[in-house]
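Student: Dropping a structure here in structure tokens format, bear with me for questions.
The numbers here are math on the coordinates, done by the rules we state, and not lab data. These numbers were taken from a predicted model, which means no experiment stands behind them. Using ideal geometry, Cβ is built from the backbone for each residue, glycine included, and neighbour counts are taken over all protein chains shown.
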Amino acid sequence: YVGYVDKFFDQNAFANNICRLVPKKDFKYPGYLLGFMKSKYGFSQLNKNASGSAVRYIEAPSIKKILIPQLEEGLKRDIHDLMQRSTTERVKAIEILTKAQSIIKSFLPNYSISKISTGFISKKTIADNQFLRFDSGHFLNSGLKLINIFKVNNRKFENIGNLNINVRRPGIFKRHYVNRNSGIPYIKGSELQLINPFKSCEYLSKTRTPF
């Protein structure tokens, strides 16, 4: 992660392999610095100067070696203003999302999520499952617990399938990886929440991917 320290970082502890850059008072455009560091040119230098094979980490002396191109004053100012605006809008978006979630929570029954679920599932239930899932978490999890709470609650609920919404799933298929210049982006579920999931995603063959 490379970004501004905003209000959501307050009162939080961070790992020892995080570095914080504090520009001097006469440094006019920290947004330009942030924009460059988030680009492929800044990221490649961060990766080049990082240490560790399994877990990558970087230290202050290595960060000081990063080369920053000195563009025209007007360009640096424009990039700075855009990065400032994007950060401000991102904070607003998080606040709005949090507010929307709190409204939903206020109208729905409260329930606690247990990390351990136990129970019994019939062989017929597993056999009738579309993808023949055998892992217990698919049948015994907090989502099913919530559904059962909905059923005994007085509020009215509707299945997504009855709301004129098409639900699609790519299915299970063999993945043939290629380089980014000749493939189609492959976004994993864990990457969907990233601001730009295409920045570091893998790519699949255009001819050998079944869709």
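Student: Using a basic spin-label model with each label point 7 Å from the Cα along Cα→Cβ, how many nm lie between Glu191 and Phe43?
Tutor: So the two model labels end up 1.0 nm from each other.
Student: Between Arg180 and Cys19, 0.36 nm times their residue separation minus their Cα-Cα distance comes to what?
Tutor: So the chain would gain 55.0 nm between Arg180 and Cys19.
Student: To continue, here is another question. What are the lysines whose alpha-carbon lies under 22 Å from the alpha-carbon of Lys28, with same-chain residues fewer than 8 places away excluded?
Tutor: List returned: Lys7, Lys38, Lys64, Lys65, Lys76.
Student: Amide H of Leu204: which non-local residues (sequence gap of 5 or more, or other chain) have their own amide H closer than 5 Å, using H built in the peptide plane?
Tutor: Amide H neighbours of Leu204: Val178, Ile184, Tyr186.
Student: Could you list the residues of region 161-182 with an amide nitrogen less than 19 Å from a label point located 7 Å from the Cα of Phe198 in the Cα-to-C-beta direction?
Tutor: Under cut-off, by backbone N: 178-182.
Student: If you don't mind, there's one more thing I want to ask. For region 83-100 and region 1-75, compute the distance between their C-alpha centroids and round to whole Å.
Tutor: 21
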